[in-house]
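What follows is a single structure, written as structure tokens, with notes after it.
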Amino acid sequence: LCVKETASNENPDASDNEFFSIDIDSGESRVVGTLYGARTSSGDILLSPDGNVYLTYQTVEKSATLYKLDLENGSITPVYESVSSLPFQFLSVLDDENLVLFEPDNVVLYNLLSEQTDTVARDDADEICSAYAYNGRIYCLMYTDGEYRIDVLKADGTLDETIPLDSEKLREASSANGNQYGILRMYVSYGTAWLKTLADTVVPISLSDGSQQGEALDGYRISHVLSQTDKSGAVLYRTHSSEVSLFSEVNGKLSRCDLPAEKDGKAVSIRYAFFGNNQREIVVMPDDSD
């Protein structure tokens with residue numbers, strides 16, 4: 001699934017986003033829907049267990065909103081409008097019936113069957129920096145009085161466990177040129193939480209003891225298989241580089257493998273990289289590709 005952005009004729013500060021699918025085997029493409037007047041997106045395009053695609057966008061007419069894209073009939077329908085004034089939402093899959101939607105100040109459960117939402121965590125005394133669902137639980141990155149921790153919630157929002165983090169190292173990783181920028185979002189895979197900082201750094205954190213695993217990765221992007229609840233391996237890469245990095249936890253330590261991206265014996269400059277659905281392939285979109 002791809003998106004083509006064109007300038008909106010009616011709103012100079014917005015775009016009309018045409019979504020189209022491409023058959024990887026045949027190369028054939030077809031338009032599956034258009035979202036008009038799009039302004040801001042968290043970049044999440046999630047294929048959910050019900051077969052629909054979910055998108056998060058702020059548009060000319062609505063604040064940050066969760067949209068359902070029906071691939072069969074091409075309809076794009078708003079299903080939840082954020083109560084936050086900030087224009088982003090982050091998506092993840094909790095189980096076969098529920099999505100987790102993080103918006104500033106709230107963690108919201110969206111039921112695919114009833115199409116109803118329920119707030120399972122809310123910013124009160126503590127700041128919720130980000131949230132990510134993995135393997136039936138919800139991981140919330142919390143910040144209080146200068147200290148970070150991860151609260152692990154059950155599906156109903158009750159607290160399962162708390163993981164204290166090495167806050168001093170996280171503050172260092174989220175700083176650049178003497179300024180601390182904080183942490184933007186979190187991903188979880190297997191025994192690791194991946195924290196993406198506003199200083200353009202990805203920090204791997206052990207979920208067993210809250211310590212930093214290995215080096216902080218400067219300038220890296222991270223992509224996940226968002227559509228599968230039981231497989232959430234992380235692919236990390238630098239834009240314009242020619243290799244992707246894979247990580248696995250071995251005996252409590254993070255092991256890294258760098259894979260060169262090549263075509264016809266020549267290095268490929270990477271624009272995007274992500275796992276295929278079978279977890280045995282990595283799809284790479286090169287810089288010079290339209």
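The values are calculated or read from the model by the stated rules, or taken from the named source; none is laboratory data. Bear in mind the structure is a predicted one, so any value in this text is a computation, not a measurement. Here the Cβ is made from the backbone with ideal geometry for all residues, glycine too, and neighbour counts use every protein chain on show. Surface accessibility is based on the protein's heavy atoms, side chains included, excluding ligands, DNA and RNA. Shrake-Rupley method; radii C 1.70, N 1.55, O 1.52, S 1.80 Å.
Mind checking the dipole of segment 22-123: about its Cα centre, +1 per Lys or Arg Cβ, -1 per Asp or Glu Cβ, Debye to the nearest 20?
Details: 5 positive and 17 negative charges, 92 e Å.
Using only the charged Cβ atoms, the result is roughly 440 debye.
Could you state the per residue volume, in Å³, of the convex hull enclosing the Cα atoms of the chain?
Details: hull volume 44.1 nm³, N = 290.
It comes to 152 Å³ per residue, whole-number rounded.
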> When only C-alpha pairs under 8 Å and at least 6 residues apart count, what is the relative contact order of segment 87-191, in percent?
Replying inline: 18 percent
> Accessible area of Cys140, 1.4 Å probe, to the nearest 10 Å²?
Replying inline: 0 Å²
> Looking only at GluC sites (Glu not before Pro) in DSSP loops with at most 13 other Cβ atoms within 10 Å, what is the longest site-free stretch of the chain?
Replying inline: 116-214
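Under the 0.36 nm per residue contour assumption, what length would be gained going from the current alpha-carbon distance of Leu246 and Ser167 to full extension?
Working: separation 79, 0.36 × 79 = 28.44 nm, distance 2.53 nm.
Roughly 25.9 nm would be gained on extension.
How high is the relative contact order of the chain, in percent, counting Cα pairs under 8 Å that sit 6 or more residues apart? Spell out each step's value before the answer.
On the way: 708 pairs, mean separation 23.5, N = 290.
RCO, the chain: 8 percent.
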>> Only four residue types carry charge here, +1 at the Cβ of Lys and Arg and -1 at the Cβ of Asp and Glu. Report the dipole size of the chain about the Cα centre in Debye, rounded to the nearest 20.
In response: 580 debye
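Calculate what fraction, in whole %, of the accessible area of the chain sits on carbon and sulfur atoms when a 1.4 Å probe is rolled over the protein chains.
Details: 6460 of 14700 Å².
Answer for the chain: carbon and sulfur cover 44 percent of the accessible area.
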> Lysine pairs in the chain 8 or more apart or on different chains: how many have alpha carbons under 21 angstrom apart?
Replying inline: 8
> If ligands, DNA and RNA are left out, what is the accessible area of Leu47 with a 1.4 Å probe, given in Å² to the nearest 10?
Replying inline: 70 Å²
> With each pseudo-label sitting 7 Å past Cα toward Cβ, what's the Met285-Lys154 distance in nm, one decimal?
Replying inline: 4.0 nm
